[in-house]
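Participant: I'd like to ask you about the structure that follows.
The values are calculated or read from the model by the stated rules, or taken from the named source; none is laboratory data. Bear in mind that the values here come from a model prediction, so they are computed numbers and not experimental data. Every residue, glycine among them, receives a Cβ derived from its backbone with ideal geometry; neighbour counts consider all protein chains shown.
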Amino acid sequence: MITVISGTNRADSMTLRMAKVYYDLLKEHSVEAELLSLEQKEVWERGPSMLELEQRYLIPAEKFIIVMPEYNASYPGILKLMMDNSDIKKCWWHKKALLTGLSDGRAGNLRGVEHMTSILHYLKVNVHYNKLLLSKVSDEIGKDGKVLKESTVQLIRQQVEDFMKF
């Protein structure tokens, strides 16, 4: 199973819209997948909500697609909290991840993606080489969740196809 993680808890985020693009693409390929939005999730402590999230989304996953926005030259703290409060060995060790960074600026969250790469390596996760960095994300995806540029659609498709073979 592949779990697609929308790495923010902001309501109506571009990140969740883009995560749904990945999820839908996996479903097109008949891949067993789950979509984890951090909206309304209580991940700041290892309580019942976090344990339920682990059981449904993290432990069963063999692979993760993590879509994350840029927050202060990195990624959102809520994403790190979720990782920190999970059972590291059961949830992360020896699994695989694909990373996509989003920003309204020019670098597509390059720093956050590289920061996350380091964290995942520490957690013994194999990170796929094809990291997509989407700049000026409001020009990339519409309010309806549709990717606006065919070239971006092709990049995402290629990234996902490569990841499925990884």
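Participant: Which condition number in (1) at pLDDT 95 or above; (2) crowded, with 17+ Cβ neighbours inside 10 Å; (3) of a type in the set (D, E, K, R) is the one that Arg111 fails?
Facilitator: (2)
Participant: Please work out if Asn130 is surrounded by fewer than 18 Cβ atoms within 10 Å (Cβ to Cβ), of a type in the set (S, T, N, Q), in contact with a helix residue (DSSP H, G or I) (Cβ under 6 Å, 6 or more places away or on another chain) and over 19 Å from Thr8 (Cβ atoms).
Facilitator: yes
Participant: Filtering the range 106-121 down to residues that are among the aliphatic types (A, V, I, L, M) and within 13 Å of the chain's Cα centre (by Cα), which residue is nearest to Trp93 (Cα to Cα)?
Facilitator: Applying the filter and picking the extreme gives Leu120.
Participant: Also, I was wondering about something else. For the range 67-98, name all the residues that are closer than 21 Å to Lys136 by Cα and touching a Ser or Thr at 6+ places or on another chain (Cβ under 7 Å).
Facilitator: Scanning the range 67-98 gives Val67, Met68, Pro69, Glu70, Pro76.
Participant: Looking only at the range 62-94, filter to residues that are among the basic types (Lys, Arg) and surrounded by fewer than 18 Cβ atoms within 10 Å (Cβ to Cβ); which one of those is nearest to Asn130 (Cα to Cα)?
Facilitator: Lys80
Participant: Another question, then. Can you tell me which condition Asn109 does not meet? The list is (1) touching an Asp or Glu at 6+ places or on another chain (Cβ under 6 Å); (2) on the phi < 0 side of the Ramachandran plot, and all the others hold.
Facilitator: Going through (1) touching an Asp or Glu at 6+ places or on another chain (Cβ under 6 Å); (2) on the phi < 0 side of the Ramachandran plot one by one, Asn109 breaks only (2).
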